[in-house]
Amino acid sequence: MKKVYIETYGCQMNEYDTELVKTILGKEEDYQFIDSPDEAEIILLNTCSVRDNANRKVFNRIHQIKQKRNGDKVLIGILGCMATNFRQQLLKDPHLPIDFIAGPDSYKRLPQLIRRVETTGEKSFDVTLSEFETYSDVYPTREGGVNAWIAVMRGCDNFCTFCVVPYTRGRERSRDPENVVAEVRRLAEEGFRQVTLLGQNVNSYNYQGKDFAYLLERVSEVDGIERIRFTSPHPKDFPDSLLRVIAENPKVCRQIHLPLQAGNDRILALMNRTYTRAEFLKLVEKIRRLMPDVVLTTDIIVGFPTETDEEFEDTVRVVETVQFDSAFIFKYSERPKTIAARKYPDDVQDEVKTERIVRLNEIQKKISYQKNCAHVGEVHEVLIEQEFTKKSPNHFQGRNEGNKIVIFPRGDYRKGQFVRVKILEATPHALRGEVVEVLEK
Ligand code: SAH
Ligand code: SF4
Ligand code: F3S
């Protein structure tokens, strides 16, 4: 038995892929997963490449492991998005103590790759991207027991000019809806209450003409699963039929992550986002008309090449107009191979990017706080996720339909149950309250 430890960076898709890898290697008799790197004989890093700091974190971690385990016989394997985009750099650097590399579509070959290093002592790798691999025959090794991630499509064909994902994860492909529904049924039998459908571009899901609205309806028919979420969608793929399902199907949470990226039309065009500021605002209006209580969140990039102060102000104005519940704001980070890296020099000074991100974060923090304060006095249905919080063993934590964290005092309830909580207090990041009813579902 070889002891294996895996560490995950990046998005939920990577979390999910880690669960796949646990199943794939766990099936072999030779491997056992453990919770600490100190005794591991094989250390896997499931990496992210979306911004430079994600990359740097992994390089630092590799050196740190090497130092700590100096002299030990330990194999280090790089999985995930860095594997595809940085294969050459990873293999070429003689000081980098890594032994094998597997890209996001090569996890089924991990046992062979590891065996090859063990027998030959030479670095092995497989970073081939597939147009078909969806791992629909691998049942992930999940933890937690309340929410289950389930990838329904993989890859991305959008080629936003700043983004490395189409290069690290390859072409879009969707999973057979029957296969997805069968997995969701099994999850319900195991006691999961919520599923989150995942895809790099989840609402462009299409399996032989069956679209994302169809998939949501089908998944909602599974008894036992009470909540359905999805991430990450693209604003271009919200036909009315999909909005109607989100608005009307009681199991589909009225919560949408709607990545804006920028609020200026020239920058949006350079980014190849395929919508204008007016089209984005119109979509928001339509969503709010159908679902006045919808929770909207977003992603924004500041300092895209050539973005002027005035153009950045357009983004600020959209943020102030839309009033997102929360926003993830990033400084533009040039990624190798992308269209932006080839065509547009990264010419916005880092200090300017910092000023913009600080300013926008301050504005958004106030909006998030106001939005949360407006919930005080309301009663929310909460799915309990934890029988503790980061700060207190005497409080439970769950989420409301809008995916906001709700904290309340410990009581005679358990993880996986639904309770109604009266909201008494708000911060920019969470709501606090007390349970007024335990629900029978
Ligand atoms: N598929 C998702 C995005 C995945 S990456 C989607 O389309 O919404 C998550 C976020 O990282 C993006 O929405 C974007 O805001 C940010 N991001 C991606 N590439 C970036 C880059 N090169 N520099 C800075 N932020 C980036
Ligand atoms: Fe990247 Fe754009 Fe695809 Fe999202 S939609 S993964 S930002 S290329
Ligand atoms: Fe990172 Fe790859 Fe996800 S680049 S954000 S781990 S798709």
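The values are calculated or read from the model by the stated rules, or taken from the named source; none is laboratory data. Please read these numbers as outputs of a predicted model, since none were measured by experiment. Here Cβ is always computed from backbone atoms with ideal geometry, including for glycine, and neighbour counts include all displayed protein chains.
Among Val180, Val195, Val219, which is the only one that is crowded, with 19+ Cβ neighbours inside 10 Å, in contact with a Ser or Thr (Cβ under 9 Å, 6 or more places away or on another chain) and free of Cβ contacts under 8 Å to residues at least 60 places away in the same chain? Walk me through how you get there before you give the answer.
Details: Val195 fails: in contact with a Ser or Thr (Cβ under 9 Å, 6 or more places away or on another chain); Val219 fails: in contact with a Ser or Thr (Cβ under 9 Å, 6 or more places away or on another chain).
Result of the check over Val180, Val195, Val219: Val180.
Looking for whichever is of a type in the set (A, V, I, L, M, F, W, C), more than 16 Å from ligand 1 (Cβ to nearest atom) and not assigned by TED's automatic domain parsing to the domain that holds Ser333 here; the options are Val21, Val50. Which one fits?
Val21
So Gly145 ticks every box in (1) touching a strand residue (DSSP E or B) at 6+ places or on another chain (Cβ under 9 Å); (2) more than 30 Å from Gly303 (Cα to Cα) but one. Which box is left unticked?
Against the list (1) touching a strand residue (DSSP E or B) at 6+ places or on another chain (Cβ under 9 Å); (2) more than 30 Å from Gly303 (Cα to Cα), Gly145 comes up short only on (1).
Report yes if some residue within the range 147-162 is assigned to a helix (DSSP H, G or I) and farther than 22 Å from Ala341 by Cα; otherwise report no. Lay out the reasoning, then the answer.
Kept after step one, since they are assigned to a helix (DSSP H, G or I), are these residues of the range 147-162: none.
Checking the range 147-162: not a single residue is assigned to a helix (DSSP H, G or I) and farther than 22 Å from Ala341 by Cα.
In the range 287-312, what count of residues is obtained for those that are assigned to a loop (DSSP other than H, G, I, E, B) and buried (at least 22 other Cβ atoms within 10 Å of the Cβ)?
3
So how many residues does the range 333-348 have that are away from ligand 3 (no atom under 15 Å from the Cβ) and among the hydroxyl-bearing types (Ser, Thr, Tyr)?
The qualifying residues number 1.
Kindly provide the set of residues from the range 13-53 that are farther than 28 Å from Val165 by Cα and of a type in the set (S, T, N, Q), ordered by number.
Gln32, Ser36
It is to be established whether one or more residues within the range 125-135 are in a strand (DSSP E or B), modelled with pLDDT of 90 or more and surrounded by 14 or more Cβ atoms within 10 Å (Cβ to Cβ).
yes
Check off (1) free of Cβ contacts under 8 Å to residues at least 40 places away in the same chain; (2) surrounded by fewer than 21 Cβ atoms within 10 Å (Cβ to Cβ); (3) in contact with a helix residue (DSSP H, G or I) (Cβ under 8 Å, 6 or more places away or on another chain) for Asp157 and give me the number that stays unchecked.
That leaves (1) as the condition not met.
Could you check how many residues of the range 418-429 are out of contact with any Asp or Glu (no Cβ under 8 Å at 6 or more places or on another chain) and surrounded by 15 or more Cβ atoms within 10 Å (Cβ to Cβ)?
2
Within the bounds of the range 247-262, is there any residue that is within 24 Å of the chain's Cα centre (by Cα), assigned to a helix (DSSP H, G or I) and not assigned by TED's automatic domain parsing to the domain that holds Val348?
Yes: one or more hits.
Would you check which residues across the range 390-417 are surrounded by 19 or more Cβ atoms within 10 Å (Cβ to Cβ) and assigned to a strand (DSSP E or B) and list them?
Listed by number, the residues that qualify are Phe396, Gln397, Gly398, Arg399, Val406, Ile407, Phe408.
Given Arg186, Arg175, which one is surrounded by fewer than 20 Cβ atoms within 10 Å (Cβ to Cβ) and more than 14 Å from ligand 3 (Cβ to nearest atom)?
From the options Arg186, Arg175, the qualifying one is Arg186.
Inspect all residues belonging to the range 337-353 and state whether any of them is in a helix (DSSP H, G or I) and in contact with a strand residue (DSSP E or B) (Cβ under 7 Å, 6 or more places away or on another chain).
Scanning the range 337-353 turns up at least one residue that is in a helix (DSSP H, G or I) and in contact with a strand residue (DSSP E or B) (Cβ under 7 Å, 6 or more places away or on another chain).
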